[in-house]
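The values are calculated or read from the model by the stated rules, or taken from the named source; none is laboratory data. Bear in mind the structure is a predicted one, so any value in this text is a computation, not a measurement. All Cβ positions, even for glycine, are placed from backbone atoms using ideal geometry, and neighbour counts span all protein chains on display. The accessibility values were calculated without ligands, DNA or RNA, using every heavy atom of the protein model including side chains. Shrake-Rupley method; radii C 1.70, N 1.55, O 1.52, S 1.80 Å.
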Amino acid sequence: MSSIELTASQKTILRALVDRYTQAETAVKGETIADEVDRNPGTIRNQMQSLKALQLVEGVPGPKGGYRPTTNAFEALEIEQIDSPAVVPVRRNGEPVEDVNVQNIDLKTVFNPDLCRAEIEVRGSIKEFHEGDSVSVGPTPISKLRVDGSVDVKDEANNVLILKIEDMVAPTEEPDH
């Protein structure tokens, strides 16, 4: 557990930086982050100064410059750095969502079918997800679990979608083990 306490705004901005940096493996411009999190570029610059002071980001000068996260950023967000993460597909309203991968699935209240929820933590932007959207996650690599439901809550600071589960299937095909 990280000892750095971040505001919701700092978490949202840092997560957007980490996700973009992980996808492109190059410095990310402040304007790109501003577009991603729906904030003014000046706000991003100000927040980046505080994140630099916390040693969570580094500035990269020059025309191809921007910001890149430090190892501390991954630790502060409790994101495990993996060279080749398994791909867990996500579909929104029947369409595949590019540049989004599932990091964690936490099942909540499975004992009550009327209140059954899944907390889906993702890498990538959840900006285009909205309450009520139909979402399908999976199959996961080992258990071949697939979770289908609708977005009940969207937590952008933690990059989490809480789904009202409509169906869960495991395995959807023969397991790899």
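Annotation: aspartates and glutamates with alpha-carbon distance below 18 angstrom to residue 127 (same-chain offsets under eight excluded): 19, 31, 35, 36, 38, 95, 98, 99, 119, 152, 155, 156. Only protein heavy atoms count here; under a 1.4 Å probe, residue 39 has an accessible surface of about 90 Å². Here the chain exposes an accessible surface that is 47 percent carbon and sulfur, computed with a 1.4 Å probe and the other protein chains kept in place. Amide H contacts of residue 100 (H built 1.01 Å from N, in plane; Pro and chain starts excluded): no residue 5 or more places away or on another chain comes under 5 Å. Only helices enter this figure: runs of n ≥ 4 DSSP H residues, each worth -39500 (n - 2.57), summed and divided by the residues of the chain, yield -7500 deg cm²/dmol at 222 nm to the nearest 500. In percent, rounded to a whole number, the relative contact order of the chain is 18, using alpha-carbon pairs under 8 Å and six or more apart. Taking the Cα centre of the chain as reference, the dipole from Cβ charges on Lys and Arg (+1) and Asp and Glu (-1) amounts to some 680 debye.
Note on the stretch 1-96: dipole from Cβ charges, positive end direction compared against 74, 85, 21; the farthest Cα belongs to 21.
Taking GluC sites (Glu not before Pro) as exposed when DSSP calls them loop (any state but H, G, I, E, B) and at most 16 other Cβ atoms lie within 10 Å, what is the longest stretch of the chain free of them, the sites themselves excluded? The reported range is 26-77.
In the context of the full set of protein chains, the chain has a per residue accessible area of 57 Å² (1.4 Å probe).
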